[in-house]
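Trainee: Here it is, the structure in full.
The values are calculated or read from the model by the stated rules, or taken from the named source; none is laboratory data. Owing to the predicted nature of the structure, the values given are computational and were not obtained by experimental measurement. Cβ placement follows ideal geometry from the backbone for every residue including glycine, while neighbour counts extend to all protein chains displayed. With ligands, DNA and RNA removed, areas are computed over all heavy atoms of the protein, side chains included. Shrake-Rupley method; radii C 1.70, N 1.55, O 1.52, S 1.80 Å.
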Amino acid sequence: MKTYLLLLWIASICLCVSGCSNYRELNQIGVIIGMGIDENKNSEEPYKVTYQIINPSGLSQGSSSGGQGLPVINYTVTAKTLVEALKKASVVIPREHITSHLSLIIIGEKLARNDLSLLFDALDRGKQARTSIPVFIARDGTAEKLLGVIEPFEVTPVKSILSTSQNNQKMYGIVSNVQGYEVISMLLSEGKDLSLPGININKPSQKAEEAGNLENTSPSAMQVRGLAMFRKGKLVRWLDGDEARSVQLVTSEVKSTALVFPCNINENITVTATGIKSKIKTKIRRGQPFIHTDLNVIGEITETSCQKDLSNPKVLKELEKEVQKELQKEIKKTIHIAQKEKADIFGFGDSLSRTNPSYWRQHKQNWENLFSSAKISMNVNVSIVNTGMRTNPYEVN
């Protein structure tokens, strides 16, 4: 009986002292979900930082309680450092703002062309900071402008950018999301240069930042646009289309994509890749680095305007060879571009540091020059496992 009373007494005390000591209502805090960092014209305050904050009353629109305003509100401040900007934002944000829900960082192109080397120090050093945040480059514009778009399809611009990039990686593979900790790792790496996805507005207009954007059947919206190539922390070039996708193919970041190749004059064949695996090999021959990549692609024919007998195994083998040849051409072209810029965005140096550490220790300081002159070889293997619901295309008289 005494034991029972003791347990009951302990349980009563626990009920009295339980709860969240730091609990705060949503209408008492400003939840930052997006951050844009641009170059400021004033050199004394080089950073122009835009914070996108959730507006709870705006998010409740359409519910029985109604709502007021837009779902997000942007606040912009200038400062000497990013930490100062966060503190300084208190002069314009009427609530205590928190970054625990920060989901996206956008960097303006002008700032990216200067130097990103130490930009992420606060992100990695802060006690409440998270490094698992996707990072994007605002192509041909500013992060402030992108975060100001009234998004027609998603609730917030942040959600639109994340969803669009994730959908692209899944369906086409031009870019892949890069987390903050990966950015820091590549900036510190001596064997791999940074590459980041670009984002911009597909149809820039004055209405893009107004509610009237939602009243247009073809509104301004976010679009993934290219891959930013960096060298030593500075943006040096943009890669678009097949060039950007080639980087993702070599680094095994593509989940699926459509490979379109000519098979005759004004005739094309589309192979949808359903399985993609690549492997990088690095060797030293006569004191010089030799880079080899293996790429295996499994796909199926999903569209064709070519008058070929796809039921014939020999024809399929010929098509596989053609696809292999075109892929080799595209990837080699992209690697040569990277060599010209002395930007090893593929991570060949990282591979060499693992396979030949003694050589790497002696030559890592000169890797950009060694990479630019390295010999490149490639083996591409394409297997077409399906021709769809029909073997031959229909003929139009």
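Trainee: Residues of the stretch 126-151 being open to solvent by 50 Å² or more (accessible area, probe 1.4 Å) and either polar (S, T, N, Q) or touching a residue at least 12 places away in the same chain (Cβ under 8 Å) (or both), which ones?
Mentor: If the condition is that a residue be open to solvent by 50 Å² or more (accessible area, probe 1.4 Å) and either polar (S, T, N, Q) or touching a residue at least 12 places away in the same chain (Cβ under 8 Å) (or both), then Gln128, Arg130, Ser132, Asp140, Thr142, Glu144, Lys145 are the ones that fit.
Trainee: Do we have any residue at all in the stretch 280-288 that's of a type in the set (S, T, N, Q), under 26 Å from the mean Cα position of the chain (by Cα) and part of a strand (DSSP E or B)?
Mentor: Within the stretch 280-288 (the criterion being of a type in the set (S, T, N, Q), under 26 Å from the mean Cα position of the chain (by Cα) and part of a strand (DSSP E or B)), the answer is no, since none of the residues qualifies.
Listed here are the residues, each with its yes/no results for (1) touching a helix residue (DSSP H, G or I) at 6+ places or on another chain (Cβ under 6 Å); (2) open to solvent by 70 Å² or more (accessible area, probe 1.4 Å).
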site	(1), (2)
Cys306	no, no
Asp309	yes, no
Lys321	no, yes
Lys332	no, yes
Asp344	yes, no
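Trainee: Filter the stretch 254-279 down to residues that are of a type in the set (Ser, Thr, Tyr) and more than 20 Å from the chain's Cα centre (by Cα) and give me whichever is farthest from Asp294 (Cα to Cα).
Mentor: The extreme case among them is Thr270.
Trainee: When you look at Glu154, is it farther than 30 Å from Gln362 by Cβ and of a type in the set (D, E, K, R), yes or no?
Mentor: Against the criterion (farther than 30 Å from Gln362 by Cβ and of a type in the set (D, E, K, R)), Glu154 qualifies.
Trainee: Condition check: of a type outside the set (A, V, I, L, M) and buried (at least 20 other Cβ atoms within 10 Å of the Cβ). Does Gly299 satisfy that?
Mentor: yes
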